[in-house]
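This report concerns only the one structure given below.
Just so it is clear, none of the values below were taken in a lab; they were calculated from the coordinates. Not measured: the values here are computed from a predicted model. Cβ coordinates were reconstructed from backbone atoms using ideal geometry, including for glycine residues, and neighbour counts include every protein chain displayed.
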Amino acid sequence: MSILPSPDSTDLVGGRPSPNRRGGFSLLEVILALAILTGAIAVLGEALRLGMRNAQLARDRTEAQLLCESKLAEIAAGLTPADTVPPTQFDCPVGDGLTVWLYSIGLADTEEEGLNLVCVTVTQDLPTEKRPVEFSLFRWIPDASMQALAESEAADAATGDTGE
């Protein structure tokens with residue numbers, strides 16, 4: 001038998017923990033926990049920022065697509081002539097009113113007689129370094145001159161006028 005107390009017996013007084021020994025976290029554990037919390041908050045903040053940016057980009061792309069479809073429908077209905085138009089601001093305010101949108105119309109001949117390829121492009125009026133959203137749609141539209149000729153021939157045929 002040894003006279004020296006065992007290492008475990010110094011912490012116990014009558015089978016209970018010593019009143020001088022306190023339970024709790026050490027300074028190192030607290031600093032480590034704060035570092036982990038700070039890292040988690042930084043990661044969540046960045047994820048939130050990216051989510052907000054992507055939501056705004058999706059909203060702008062959807063708005064550009066709707067504006068493009070609207071302008072192309074105007075051309076197909078004959079409300080807007082199917083002529084080449086340089087970048088032009090929309091007549092009425094669109095969307096949130098803060099973003100300025102421009103549209104341009106391009107026209108190309110096709111191999112099919114009486115059809116033109118119309119390209120409508122809608123873009124934000126922002127500097128290039130801000131990466132403006134741009135959307136384009138293409139549609140075949142009957143050539144206006146060919147359509148007018150066909151209508152006049154149909155009217156002549158209905159009246160019996162042969163043009164001679």
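The value given for region 27-159 is a Kirkwood hydrodynamic radius of 18.7 Å, derived from the mean inverse Cα-Cα separation.
Working from label points 7 Å from Cα in the Cα-to-Cβ sense, the Leu117 to Ile31 distance is 6.8 nm. Were the residues from Ala108 through Gln89 laid out at 0.36 nm apart, the gain over their Cα-Cα distance would be 4.6 nm.
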